[in-house]
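Structure first, commentary second.
Every read-out reported here was derived from the displayed coordinates using simple, explicitly stated rules and does not represent laboratory data. The structure displayed is predicted, hence computed values, not measured ones. Neighbour counts run over all protein chains shown; Cβ positions are idealised from the backbone, glycine included.
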Amino acid sequence: MDFSNIDRILDKYDRSPSGIIRILQDVQAELNYLPRDVLKYIASSLSVPLSHVYRIATFYNAFSLVPKGKHMISVCLGTACHVRGAPKVLEKIERELGISPGETTEDLEFSLETVNCLGACALGPIVVVDGEYNGEMNVSKVDELLKKIKQGGEINE
Amino acid sequence: MSKFLSKQDLEEYRKKIINSRDPNKIIIALCGDTGCQAYGANKIADAFRKEIKAKNLQDRVELKITGCHGFCERGPLIVIYPKKIFYQKVSEKDVSEIISESVVNDNVIERLLYVHPETKEPIVKEDEVPFYNRQQKIISGMNSVIDPTNIDDYIAIGGYSALEKALFDMDPDSIIEEVKKANLRGRGGGGFPTGVKWESCKNAPGDIHYVICNADEGDPGAYMDRSLLEGNPHSVLEGMMIGAYAIGSSEGYVYVRNEYPLAVENVNIAIKQAREYGLLGENILGTDFSFDIKVTRGGGAFVCGESTALMASIEGLWGEPRAKHIHTVVSGLYNKPTNLNNVETWANVPLIINKGADWYSKIGTENSKGTKIFSLVGKVNNTGLVEVPMGITLREIIFDIGGGIPNGKKFKAVQTGGPSGGCIPEEYLDTPVDFDRLTELGSMMGSGGMIVMDESTCMVDVARYFLNFLKDESCGKCTTCREGIKRMYEILTDITEGRGKEGDIELLEELGWVVANASLCGLGQTAPNPVLSTIRYFRDEYEAHIKEKRCPAKVCKALIRYEIDQEKCTGCGRCRINCPVEAISGEKKKPHIIDQEKCIKCGICHEVCKFDAVNII
């Protein structure tokens, strides 16, 4: 495996162990997840035990040890969204995609996650797809949304 | 841009900016906060830019993308200065009309005005809208006037003059005295007196002292810190600079929540600009004071809002809190004296220095001074950010400013203080809001989340929701928190799923007491609050679930069923087509029925029915 891009990120933070969270964030942003070999490489580069890197990678929600899908669907389960019916929206998406939060569809098309408040409560319930906010969601809007993502994907290709 | 080397440099520059600006130039202030962006503010901004260029109006009008104006419910929002014309729910297609009517001509577009809900009269000016005119926006008010990515805007409204005053007219001790006299209390939830904290940190031995801005706003339903950091980042930085000077610190950190990309972007831009102007770095304004700030992004862990966990996270460790036998002001980040304050607390500082403690302490109640920004969300008509003086009642916030409950439903409770807070019922709506009164009611101020609930909210479900959140966010260090919250969650799940039994409420109370008393940090110590406060005020609702297997709010799935009203059903078939499990049958134009065996209670039929014929029983 080529680690040149990882080296670049490590250098950005002076290969300092205290920069490890920022290093992992950048790696996650670049590779979409934290592959095992990369974690090993980071551990040896920073001269810290692999268990230390692994502990950080599993403590924070921002990190994933498995590849994420092409499209990231985040359902906000903040309190405002919750009282406005977000759980029903989540259930509908789970049913449609056949996956639970934290999982990715087999074809690597969709990953589903939940977040605890995005701070756009006036629009709740909110579903964010690939960084784009979809406000005032309800179960009937989910079909439309998924169709839009699938079509969008085809057009882009 | 050359750096300011003295107070005079900054003052002359300020004059230069003010003089170069035409006070009669029309400014279209478009809210570009995360919320309004989600409504499509970016597209509107592009449309304005195109239209202004096409009509060659660059000299007459300027588009300003600002931070949050507050009235999120009505976004996207624009205010046209100097007349302060307030347009709400603006869309791309309105842009050309706004330019031709309200910029080229002097007309108001009535369709885009806010209509007073009672008098039905359209309101032209922003400050006459009932949502705004009862607020006192001393901290958040500048959000709608300045472009947060342009330091000149901040300087033009008097920005960094408090820093000047602190550096040239005051000394560290008199700054601390002023903050103490103003009785500023921590806005992050604890309510600890800020000046006392600064003094302890200043007096702590050590050559290096740190200051930190806690922007790890994790409470779901609270976003005032995000909006300040996005909308007026320099006010936060200026507060930190003054604090650092008073404490004797040369290094600061802003720890921002990972879920707030725009806040990270704007605060980074602000720091870069402040460095370019010599307001951060070596020998600020030609004095001996040197200070710089770094930004650290969180990793998505709620517990990192706790001071010791946050500091561990900055050090590159997992965010586990430690016991505070030795306070962080003595031994915090890298075991050095560290002063941590929340975003809103820092933003209060320049104001106190500029206007003085006497002015500041006139606002608020005896022991809670100043204003507080709340995010008013949930089942309320006017969702948004409101800044009110301490001591205002919950009723004024929810009904006068918030416009009451939508769809004619009845108010049930308001949840304050996030997952650490509690639910306050209607009988206490006239309570003045301050740190101490909310604590007396079994809730807390917290960071300022205010989630309104109506009669269709189940309080047991809400308690379960918060415990589900806390169970996931517990770092796992203390057994009582790690296991206790989980067991409480399981009991609540049993109750909401019809398996509740006699003694469950008492067991929850007992467990809650243990979790609160035997956990190390604030997360565990306050985790039982949502449960204990709902038991305290809504015990009958728990009992209905347990004894009668009934959910009075008709939320808990296992205790409800959907039925079609045979009288109201027109047989349109909408529910039948939308049902994901084919549980609904019926002939066209004849009343339909739901097969209870097949029904998964997803609620789609209830949602899609246009004749209100699907009842929840």
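Miscellaneous remarks
- With kT/(6 pi eta Rh) evaluated at 25 °C and eta = 0.890 mPa s, and Rh the Kirkwood radius from Cα pairs, segment B:69-167 diffuses with a coefficient of 161 µm²/s according to Stokes-Einstein.
- When chain A is treated as a GNM with alpha-carbon contacts under 10 Å, the residue of A:Asn61, A:Asn32, A:Asn138 showing the greatest mean-square fluctuation is A:Asn61.
- Structure-based [θ]222 nm, the protein assembly as shown - -39500 (n - 2.57) summed over DSSP H runs of at least 4, per residue, nearest 500: -11500 deg cm²/dmol
- Alpha-carbon Rg/Rh ratio, for segment B:316-447, with Rh computed the Kirkwood way: 1.04
- Tilt relative to chain A, helix A:36-46 - C-alpha long axis, 0 to 90 degrees, to 10: 40
- Relative to the longest principal axis of the Cα atoms of chain B, the long axis of helix B:459-473 lies at roughly 50 degrees.
- Percent of beta bridges antiparallel (DSSP, chain B, rounded to nearest 5): 55
- Neighbour counts of C-beta atoms inside 10 Å place B:Glu51, A:Glu103 in the sequence A:Glu103, B:Glu51, starting with the fewest.
- Every Cα-Cα pair of segment B:159-360 was included, and the share exceeding 25 Å stands at 29 percent.
- On a per residue basis, the convex hull of the C-alpha atoms belonging to segment B:334-410 measures out at 145 Å³.
- Average other protein chain Cβ within 10 Å of Cβ, residues B:222-229: 3
- Of all DSSP beta bridges in the protein assembly as shown, antiparallel share, percent nearest 5: 55
- Restricted to Cα atoms, segment B:561-616 shows a radius of gyration and a Dmax of 9.5, 25 angstrom.
- Taking the Cα centre of chain B as origin and assigning +1 to Lys and Arg Cβ atoms and -1 to Asp and Glu Cβ atoms, the resulting dipole is close to 1120 debye.
- Kirkwood radius and radius of gyration were both taken over the C-alpha atoms of segment B:18-144, and their ratio Rg/Rh is 0.95.
- The base-10 log of I(q)/I(0) for segment B:371-454, evaluated at q = 0.14 Å⁻¹, reads -0.37 [Debye formula, identical scatterers on Cα atoms, solvent excluded].
- Highest-fluctuation residue, A:Ile99, A:Ile126, A:Ile21 considered, GNM on chain A with Cα pairs under 10 Å: A:Ile21
- Only Lys, Arg, Asp and Glu carry charge here, each on its Cβ (+1 for the first two, -1 for the last two); on that basis the protein assembly as shown has a dipole of about 680 debye about its Cα centre.
- Gap separating the Cα centres of segment A:57-93 and segment B:364-417, nearest whole Å: 28
- Hull volume per residue, based on the alpha-carbon atoms of segment B:1-70 and their convex hull, is 136 Å³.
- Remark on segment B:160-239: hydrodynamic radius 14.4 angstrom, per the Kirkwood mean of 1/r across alpha carbon pairs.
- Radius of gyration over Kirkwood radius for the protein assembly as shown, both on Cα atoms: the Rg/Rh ratio is 0.96.
- Using equal-weight Cα scatterers in the Debye expression, the normalised intensity of segment A:3-59 in log10 at q = 0.20, 0.22, 0.24, 0.31 Å⁻¹ is -0.61, -0.75, -0.92, -1.70.
- Considering only beta bridges that DSSP places wholly inside chain A, some 55 percent are antiparallel.
- Tail weight of P(r) past 32 Å, computed on alpha-carbon pairs of chain B, percent: 54
- Exposure proxy ranking, count of Cβ atoms within 10 Å, fewest first, for B:Phe168, B:Phe291: B:Phe168, B:Phe291
- Average projected area [Cα convex hull, segment A:71-151], square nanometres: 4.6
- Put a plus charge on the Cβ of each Lys and Arg, a minus charge on the Cβ of each Asp and Glu, and nothing anywhere else: the dipole of segment B:159-360 about its Cα centre is then about 340 debye.
- Rounded D (µm²/s) - segment B:284-347, Kirkwood Rh over Cα pairs, Stokes-Einstein at 4 °C, 1.567 mPa s: 99
- One quarter of the convex hull surface built on the alpha carbon atoms of segment B:477-578 amounts to 9.0 nm², the projected area averaged over directions.
- Near A:Phe110, the amide H atoms lying under 5 Å from its own belong to A:Lys70, A:His71, A:Thr105; only residues 5 or more places off or on other chains count, and H is placed 1.01 Å from N.
- Projected area, mean over directions - segment B:124-165, Cα convex hull, nm²: 3.9
- From the Kirkwood radius over Cα pairs of segment B:518-585, Stokes-Einstein at 37 °C and 0.692 mPa s returns a whole-number translational diffusion coefficient of 207 µm²/s.
- Evaluated at q = 0.22, 0.23 Å⁻¹: base-10 log I(q)/I(0), Debye formula over Cα of segment B:197-297: -1.13, -1.19
- Calculated FRET efficiency for the pair B:Lys410/B:Asp565, C-beta based, R₀ 22 Å, to 0.05: 0.50
- Segment A:1-108 - convex hull of the alpha-carbon atoms, volume per residue in Å³: 118
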